[in-house]
Amino acid sequence: MKHIVIIGNGISGITAARHIRKMSNYRITVISEESEYFFSRTALMYVFMGHMKFEHTQPYENSFWEKNKIDLIHNTVKHVDTKQKMLTLKTGISIWYDDLIIATGSKSNKFGWPGQDLDGVQGLYHKQDLEKLTQNYKSIKRAVLVGGGLIGIELAEMLLSKNIAVTILVREKSFWNGVLPDEESAMINDLIRLHHIDLQLNTELVEVIDDGEGKVKSITTSKKEQIDCQFVGLTVGVSPNIEFLKDSDIEMERGVLVNEFLETNVPNVYSIGDCAQHRTPTGGRKPVEQVWYTGRIMGETVAQTICNNRSQYQPGIWFNSAKFFDVEYQTYGWVWAKPKENEATFFWKSKNEYKSLRLIYDKIGNHILGVNVFGIRLRHEVFDQWIQEKKSIEYVIDNLKTANFDPEFFKHYEAEITQNFQSHFKTLEIA
Amino acid sequence: MKPIYNSLSVVDIQPYKTGFIQKLGLTLSGVGILILFIALFGVSFQNNTLFLAISLGSIFAGTVIYATKTYLSMPAGIKNHGMWYNSLTSKGMLGWLTGVILTGFYIVLYWYPELLGLGLNGAPNTHLIALFNPLSNFFTGKPASQWFVYGSLYTLIIVSLGVKFILKYRHNRYQIIRTLVVIVAQLFLAYLIPNILEGMNTERPYFAMDIKYFWPLNYYFFNDWHLNNMVHGGSLGMVYLVWGIIGFLIVTPVLTYYFGKRWYCSWVCGCGGLAETAGDPFRHLSDKSVKAWKIERYLIHSILLLITLITFVVLYGYFSGSSTFLGLDIYTYFTHPYGFLIGAAFSGVVGVGFYPILGSRVWCRFGCPMAAYMGIIQRFKSRFRITTNGGQCISCGNCSTYCEMGIDVRAYAQKGQNIVRASCVGCGICSAVCPRGVLKLENGKLDGRINNKTFTYKK
């Protein structure tokens, strides 16, 4: 019987294991350095804030794995020998595989700042990061977070829930401005400041200063300011966690290079999830995608291939979501920070609530390309279909109500948006 | 740079600390509760009217003051901070203590009401029950009973903690409207109207006047004494008899078909009303394991079957005039054990007493035959479902954690499946706590209600 070994028990690796099990009787082994059982790392923040216990982040009961004959090994892979099809664990044990799936996810970025390895400096990605923060938060009076992205905003919310003062340093002129257009980004800036966070834009970290005992005492910024703090959160993105493969025959750049079938250069070795780098990304997607659902889709796809139904990775139309404090964000299709040449944009924002809608459409074809929405929930299937079928912007506006996914009785904004849209076009015609 | 959104600038710098006003609110509530305890332990007041008014008034005012300050200090949104750190809400010492006190209260209420001060054999009330005499007098001209005291406190709690709930979920209009209905249903349909009607019909024998209390939740509806009391209860009795039958035979299935069982369980039901308001801080304690689900299915449907059989026996006795069935005494072997074990011990002692240990919906989930009856309709023939939003689920588990019915909502959401479950009471909290906008309670066409589509791998 074929032995499938999966390194990494995150959403990608576990999805692969589950789907292989659904379709076959192959022997399946999942190895993880991080945790005994699969958990949802997106929920770590809720554990810290006391909304959930760690066990609630585990989507399957512990007995699930034995019942489904998926062997779990809580250990670190030190070496991969693709010639002998063999892995060596930290404990010296060797494991032979027939098919190997590399799904080791990411690690937090560090850009070589002086003092970046001091006590009290950390990222937020792994279970161990949460444990470290949980141990240390009581002595934190002020925290400095470096980077304007999604993990940063989550970490800020976590620290605020413990009444810890927070400073955020953002290199760009506005929060997450590399992804969000100016108006949405400005709205997030306001939201951050509403929570009494000291948001410093156009500012970078220069150095983390030691208190003499190996702990962080303060930091200095590119604006020559020194900020006393007991904690520095490095939330400047993540990158593939693949160091252990350095001396293997597996071809890598930023991540493990894979073709559209998620196959590496070595036969019987696949890579999925955060750590995979697509040689030929499709649909405007990035070569390395650190998104929950793409990990899941890659897991399902590779399972097909391994079970003798060689399948291409087809993530479909881009979508994503996040939450900035209490404000939900969803996006379908592509909305770039700066519209591309062929793109026209319609933007609506509520006057006194954190709600906005941006529709991107083709200047010539007039069809919908993407949507950014804050504070309103939209139906995935509906927008996916509209974008696929190239519905006109007028059609989208007229049918916006069918795409609404807010709970019953919620205030509707379609009328206001339609009105706005019509006056927007009158202005355009006059101009 | 000046923030554009000034309207929310009431937010505190350290919103999660208990400040002076919150402490004031807590103290006020504490004083109100203390008066009840003083009465309970035998101190009699010169002026019961005054002290009762102070007690009930300060419990309500204190709760509202505390909740207003607490929740308006934070931006509107889900604020479950510290639920699993707080001793009361995470099965800590305070949780167990509260559970023991509540359980004790129910045991005394059901079986030893004289300990609360009920005057037996015509003796005047004393202690806690005497404290409520003025209010009972006001409605019916009669001294209070333990059930009047219970009903009054029950209503006060639903109203006060209902206001708290609305403040906590003030960003969510489904929750606001639902809770307003819960409050109105309890205050008017279950408390004021029945008490006023009883005051107008004091010479008539007792029958249940809670307008939304249908068989089989009202397990004694068809018992001979209750049927007789309604039949001899004049036109009001007849109205209740007819309404009671229409209620369970027509109203319940029709509304459940259109809206799911939520129209009852989380909108108007008294047990549900308490669970949604007083029970809200304990909703996450429900057991999510597959094992609990198995027990649930056997237990709740057995109880529905049991009460149906007992009701047939009772009706046989009523129409045949016999007090026995197959040689067994109907009271001793049928109605009394059900009333004792299910009606009192399960729904009351375990159902509410164990809130801080087993969560707020133990009775509704494992025991309530009304919920079982509607659950069967909801599962097989109803327009209600919870829809999941394509591929947006990140499996975080907030929905499952905060499901008071112990449904593993995430298991469906991460597969992109609609949630069609007999037990769902449609409280809407899974949708509220979801950080990615994945869940929506909906009524719609029956076609495709139970779906299996996933928004992932494409062939």
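The values are calculated or read from the model by the stated rules, or taken from the named source; none is laboratory data. Because the structure is predicted, anything quoted here is derived from the model rather than measured. Positions of Cβ are backbone-derived with ideal geometry, glycine not excepted, and every protein chain shown enters the neighbour counts.
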Exercise. Quick check: is even one residue across region B:140-149 within 14 Å of chain A (Cβ to nearest Cβ), on the phi < 0 side of the Ramachandran plot, at pLDDT below 95 and in contact with a Ser or Thr (Cβ under 8 Å, 6 or more places away or on another chain)?
Worked result: no
Exercise. Can you name the residue in region A:283-307 that is surrounded by fewer than 23 Cβ atoms within 10 Å (Cβ to Cβ) and of a type in the set (S, T, N, Q) and is also farthest from A:Thr42 (Cα to Cα) among such residues?
Worked result: A:Thr305
Exercise. Which residue, of A:Ala186, A:Ala165, A:Ala156, is outside the structural domain of A:Trp292 (by TED's automatic domain parsing), of a type in the set (A, V, I, L, M), under 24 Å from B:Gly77 (Cβ atoms) and surrounded by 21 or more Cβ atoms within 10 Å (Cβ to Cβ)?
Worked result: A:Ala156
Exercise. Tell me, which helices (runs of 4 or more DSSP H) lie completely within region B:314-404 with 1 or more residues that are more than 18 Å from B:Arg297 (Cβ to Cβ)?
Worked result: B:355-358, B:398-401
For this session: For A:Val206, indicate whether it is surrounded by fewer than 20 Cβ atoms within 10 Å (Cβ to Cβ), within 20 Å of A:Phe111 (Cα to Cα) and of a type in the set (Val, Ile, Thr).
Result: yes
Seminar exercise, completed: With criteria (1) closer than 20 Å to A:Gly10 by Cβ; (2) within 14 Å of chain B (Cβ to nearest Cβ); (3) in contact with a Pro (Cβ under 8 Å, 6 or more places away or on another chain), A:Trp292 comes up short on (3)
For this session: Would you mind telling me which numbered condition in (1) within 26 Å of the chain's Cα centre (by Cα); (2) buried (at least 21 other Cβ atoms within 10 Å of the Cβ) B:Ala130 fails?
Result: (1)
For this session: Scan region A:170-221 for residues that are in a strand (DSSP E or B) and within 11 Å of another protein chain (Cβ to nearest Cβ) and report the count.
Result: 1
For this session: Please go through region B:418-453 and pick out each residue that is assigned to a loop (DSSP other than H, G, I, E, B), polar (S, T, N, Q) and within 14 Å of chain A (Cβ to nearest Cβ).
Result: B:Asn418, B:Asn451, B:Asn452
For this session: Please work out if A:Ser311 is facing chain B (nearest Cβ under 10 Å), of a type in the set (Ser, Thr, Tyr) and out of contact with any His (no Cβ under 7 Å at 6 or more places or on another chain).
Result: yes
For this session: Could you check, for region B:73-91, whether at least one of its residues is in contact with a Gly (Cβ under 9 Å, 6 or more places away or on another chain) and not in a loop (DSSP other than H, G, I, E, B)?
Result: no
Seminar exercise, completed: Filtering region A:222-235 for residues that are part of a strand (DSSP E or B) and farther than 28 Å from A:Gly178 by Cβ leaves a count of 1
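How about region B:47-76: which of its residues are exposed (fewer than 15 other Cβ atoms within 10 Å of the Cβ) and not β-branched (Val, Ile, Thr)?
B:Asn47, B:Leu50, B:Ala53, B:Gly57, listed by residue number.
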For this session: Being among the aromatic types (Phe, Trp, Tyr) and outside any loop (DSSP other than H, G, I, E, B) is the filter here, so list the residues in region A:33-69 that pass it.
Result: A:Tyr46, A:Phe48, A:Phe54, A:Phe64, A:Trp65
Seminar exercise, completed: Restricted to region A:25-76 and to residues being closer than 19 Å to A:Met1 by Cα and among the basic types (Lys, Arg), the residue nearest to the other protein chains (Cβ to nearest Cβ) is A:Lys67
Seminar exercise, completed: A:Lys351 meets each of (1) more than 13 Å from every other protein chain (Cβ to nearest Cβ); (2) exposed (fewer than 14 other Cβ atoms within 10 Å of the Cβ) with one exception, condition (1)
Problem set entry | Matching residues in region A:311-341 - criterion: being in contact with a Gly (Cβ under 8 Å, 6 or more places away or on another chain) and among the acidic types (Asp, Glu) | A:Asp326, A:Glu328
Exercise. Does region A:298-322 hold any residues that are in contact (Cβ under 8 Å) with a residue 24 or more places away in the chain and under 17 Å from A:Leu378 (Cα atoms), and which are they?
Worked result: A:Ile317, A:Trp318, A:Phe319, A:Asn320, A:Ala322
Exercise. From the residues in region A:314-348 that are surrounded by fewer than 16 Cβ atoms within 10 Å (Cβ to Cβ) and small (Gly, Ala, Ser), which one is nearest to the other protein chains (Cβ to nearest Cβ)?
Worked result: A:Ala337
For this session: Among the residues of region A:1-53, write down those that are touching a Cys at 6+ places or on another chain (Cβ under 6 Å) and of a type in the set (Gly, Ala, Ser).
Result: A:Ser24, A:Ser40, A:Ala43
Problem set entry | When residues of region B:78-112 are limited to those that are closer than 21 Å to B:Val352 by Cβ, touching a Ser or Thr at 6+ places or on another chain (Cβ under 8 Å) and buried (at least 20 other Cβ atoms within 10 Å of the Cβ), the one nearest to the other protein chains (Cβ to nearest Cβ) | B:Met83
For this session: Sort out which residues of region B:365-417 are free of Cβ contacts under 8 Å to residues at least 12 places away in the same chain and within 8 Å of chain A (Cβ to nearest Cβ), and write them in order of number.
Result: B:Ala411
For this session: Report, ordered by the first and then the second residue, all pairs with beta carbons closer than 7 Å, sequence separation of six or more or different chains, a first member in region A:356-372 that is at negative phi, and a second member that is basic (Lys, Arg).
Result: A:Ser356/A:Lys349; A:Gly365/A:Lys390; A:His367/A:Lys390; A:His367/A:Lys391; A:Ile368/A:Lys391; A:Val371/A:Arg358; A:Asn372/A:Arg358
